Amino acid sequence: MRIFGYWGGITGFRIFQAVLQTLSLLLVFFTGRKVLNSRAALLAVFLNAIYIPEIWVSNVILTETTFKFLFLLLIYICLYALEKKKAGYYIAGGVVWGLAALFRPPVAAFPIVILIMWMKNEYKFKEMLKYTLVTATVFVVILSPWWIRNYKLFNEFIPFTASAGNPMLQGTYINYNRNDGSDSLIDVSSYKYTDNELHNNKIETEIAKLRMKTLISKEPLKYLYWYTIGKTIKNWSHPFYWKEIFGIKYFAVMFYHRFLIFLAIAGVCLSLAKRKSNPGFLLLICAIIYTNCVYLLFYCFPRYVYPVMPLVIIMGAVLLSGQQAWAYKGTFLPAGFNDKINTQKDKGI
């Protein structure tokens, strides 16, 4: 905005996000080709390119576009890091992981997924320790300026963020209904709000813990459903599409969104039976499950899982690409095209 002015700066930022979206499509192709093949990768790019939220979100001044690009890049680097076992890949992964955490703090626990993959690939403890120290060191270096800044401003260690509108407290209300009568069962008289939003955030976190401790013990099955299936449905049932563009109705986008999820579920179920030895495919599955689960404790809605929709689409591409004998054999690619690209890949092109 200092360079182009207010509206010019906003326009420039939208162009920047459009560029990131284009680069994200390239990452979808590279990841799909690495995990599956070129045919499935190109189909995934096509399915992702016509997913309207991808176009809409590049015009919104939020963190989704940048984080999605970084997350896809992290997944792609992890595929090679797990396979090659070279420190350079883990250093690169640590850089991208740290940058991604600045935009979306829950990604900080992503090493849980890598630990699962290490165990699956039978890494030695010495290797795990080595790559953990390397990656963690890089992560700390990336986050240090943010930690120093927070300490100088607030005189306390804030690893990521603290703000108003506590999502943990919001998530304790089933279906987000604050008029369900549950407040009457909780005594919050000892908690005092002030004009300090950081203090209020801590108060709301304590109230959220009190609500869970009290209410879950009263209706355990109801809250177990809410904190598992209920919130998962909230994450995935609708697309991240808050305003209609190009005259494309929300219903049409929702239909396509659910179609992609159906394809992904079918693709995963069939591929798990046919491709048990594909660690890259397992990494994508774990990354999707992780993204869903990490938000279950908080307020859940489609915005949080939007960044992993390209991975979901890659899963769905398995079913339509004709890669497996059981899959639909039709394809929009000409005969022999996939073999040609795979040959180029083998040559390093």
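Bear in mind that the values in this text are calculations on the coordinates, not laboratory data. No experiment lies behind these values; they were computed from the predicted model shown. All Cβ positions, even for glycine, are placed from backbone atoms using ideal geometry, and neighbour counts span all protein chains on display.
Order of Tyr151, Tyr90, Tyr76, Tyr173 from fewest to most other C-beta atoms within 10 Å?
Tyr151, Tyr173, Tyr76, Tyr90
What's the local net charge at Tyr173, with K and R +1, D and E -1, over the other residues with C-beta under 10 Å away?
Combined, the nearby Lys, Arg, Asp and Glu give 0.
Which whole-Hz couplings ³J(HN,Hα) result when phi for each residue of the range 207-221 is put into the Karplus expression 6.51 cos²θ - 1.76 cosθ + 1.60, θ = phi - 60°, listed in order with x for Gly and Pro?
Karplus-based 3J(HN,Hα) across the range 207-221 equals 5, 4, 5, 5, 4, 5, 4, 7, 6, 5, 5, 7, 9, x, 5 Hz.
Quick one: angle between helix 309-320 and the longest Cα principal axis of the chain, in degrees between 0 and 90, rounded to 10, please.
In the chain, helix 309-320 runs at an angle near 40 degrees to the longest axis.
Just to check I understand the Karplus step: with θ = phi - 60° and J = 6.51 cos²θ - 1.76 cosθ + 1.60, what whole-Hz values come out for the range 2-8, glycine and proline as x?
After applying 6.51 cos²θ - 1.76 cosθ + 1.60, I find 5, 7, 10, x, 5, 5, x Hz.
Can you show me the helix-derived [θ] at 222 nm for the chain, built from DSSP H runs with n ≥ 4 at -39,500 (n - 2.57) apiece and divided by the number of residues, rounded to the nearest 500.
-21500 deg cm²/dmol
Sort out for me the Cα centre separation of the range 182-225 from the range 23-56, rounded to whole Å.
First find each Cα centre; the distance between them is then 42 Å.
With semi-axes √(5λ) of the Cα gyration tensor in Å in mind, check (i) 32, 27, 18; (ii) 36, 25, 23; (iii) 26, 24, 22 and report the label derived from this structure.
Calculated semi-axes √(5λ) of the Cα gyration tensor in Å: the matching label is (ii).
Take the cross-link list Lys84/Lys130; Lys68/Lys130; Lys209/Lys234; Lys84/Lys126; Lys86/Lys124; Lys120/Lys231 and give me the ones stretching past 19 Å between alpha-carbons.
Correct reply: Lys68/Lys130; Lys209/Lys234; Lys120/Lys231.
Taking the highest mean first, how do the peptides 45-58, 259-272, 178-191 order by number of other beta carbon atoms within 10 angstrom per residue?
Answer by packing, highest mean first, reads 45-58, 259-272, 178-191.
Taking neighbour Cβ counts within 10 Å as the exposure measure, how do Lys86, Lys34 sort from fewest upward?
Lys86, Lys34
What does the charge add up to near Phe154, with Lys and Arg as +1, Asp and Glu as -1, over the other residues with Cβ less than 14 Å from its Cβ?
+1
Only Cα pairs within less than 10 Å get springs; with that Gaussian network setup on the chain, which residue of Lys68, Lys218, Lys202 has the largest fluctuation?
Sorting by GNM fluctuation, first place goes to Lys218.
For the range 6-346, what relative contact order do you get, as a whole percent, if you take Cα pairs closer than 8 Å and at least 6 residues apart?
23 percent.
Just grab the label-to-label distance for Thr205 and Leu133, each label 7 Å out from Cα along the Cβ direction, in nm (one decimal).
Label-label distance for Thr205 and Leu133, simple model: 3.1 nm.
Classify the range 1-157 as rounded, prolate or oblate, taking a ≥ b ≥ c as the square roots of the eigenvalues of its Cα gyration tensor: rounded when a/c is under 1.5, otherwise prolate if a/b is larger than b/c and oblate if not.
The shape class here is oblate.
Under the Karplus relation 6.51 cos²θ - 1.76 cosθ + 1.60, θ = phi - 60°, what is the ordered set of whole-Hz ³J(HN,Hα) values for the range 263-270, x standing for Gly and Pro?
So the Karplus estimates, Gly and Pro as x, are 4, 5, 4, 5, x, 5, 4, 6 Hz.
Using the Cα centre as the reference, give the magnitude of the dipole from point charges on the C-beta atoms of the range 143-199 (Lys, Arg: +1; Asp, Glu: -1; all else neutral), rounded to the nearest 20 debye.
It works out to roughly 280 debye.
For Ile289 and His238, compute 0.36 nm times the residue count separating them, minus their Cα-Cα distance, and round to one decimal in nm.
Answer, rounded to one decimal: 16.6 nm.
Taking a point 7 angstrom from the Cα of Tyr250 along the C-beta vector, which residues in the range 284-309 have backbone N less than 16 Å away?
It comes to 301-303, nothing else.
Starting with the fewest neighbours, write out Leu133, Leu311, Leu282 ranked by other beta-carbon atoms found within 10 Å of each beta-carbon.
Ascending number of Cβ neighbours within 10 Å: Leu133, Leu282, Leu311.
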